[in-house]
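Just so it is clear, none of the values below were taken in a lab; they were calculated from the coordinates. Remember, it's a predicted structure, so these values are computed and weren't measured experimentally. Here Cβ is always computed from backbone atoms with ideal geometry, including for glycine, and neighbour counts include all displayed protein chains.
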């Protein structure tokens, strides 16, 4: 598997690169699985492909604090990310792993692999709900998926040193929540995993055997997706 540890300058570019890796793999005609890691340089809100901003985000608070709201290509609810929240993206082959065409099996496989990778670092890591990772009843990772013809994009958050108070300030209560949340506010529901970023990176690379450099990365396609989608108000606020 290829490995790319790359944070681009803007939120739009970073979201676009995740999709660009998926589009590149679809067009390649050969195995092109990739693990990408990145970490935002400033706080940002990212909503799901079908999210309603008015229902999921305190948009006025975001405006007052100068925090951008962007829309990703995968599903799920809104998240807040920024420094102290590692972002990962996996592009996996559906031809090599045909069982991943089932969304439920894709969640179980990816999250199970991540839980096994992190459990030696923090006891009690496990999958919770549909697409969460948690320790006990505290969530530290939310995830979402986009499936195309030959590849899927599975990406998510890994809280390890994030300003958790931002989540209550910037996000509303989600329209859907897992049973284990028990109606708790964001601040009582989420937690940072007490693991340094370097150890998280190493665990992820080992778990996915991501040893091949991803060079060159799809720069032109990323720029195209920013121009057509992620940098456009019509896409982000629709």
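What to note about this one:
- Relative contact order of the range 2-236: 27 percent, from C-alpha pairs under 8 Å at least 6 residues apart in sequence.
- Mean Cβ count within 10 Å, highest first, over the residues of peptides 8-17, 172-181: 8-17, 172-181
- Only beta bridges with both residues in the range 2-236 are counted; by DSSP, about 75 percent of them are antiparallel.
- Each principal axis of the Cα cloud of the range 1-85 was evaluated for its coordinate range; sorted largest first, these ranges are 45, 25, 16 Å.
- Rounded to the nearest 500, the 222 nm mean residue ellipticity of the chain from helices alone is -9000 deg cm²/dmol, with -39,500 (n - 2.57) taken per DSSP H run of at least 4 residues.
- Stretching the chain fully between residue 61 and residue 101 yields a gain of 10.5 nm (0.36 nm per residue, less the alpha carbon separation).
- Of every Cα-Cα pair in the range 89-212, the percent that sits beyond 25 Å: 27 percent
- A Gaussian network model of the chain, with springs between Cα atoms under 10 Å, assigns the largest mean-square fluctuation among 191, 89, 202 to 202.
- Alpha-carbon centroid distance for the pair the range 128-183 / the range 42-119, whole angstrom: 7 Å
- Scattering curve values for the range 2-236, log₁₀ I(q)/I(0), Debye with Cα scatterers, q = 0.18 Å⁻¹: -1.55
- Order by protection proxy (mean Cβ within 10 Å, highest first), peptides 160-169, 192-201: 160-169, 192-201
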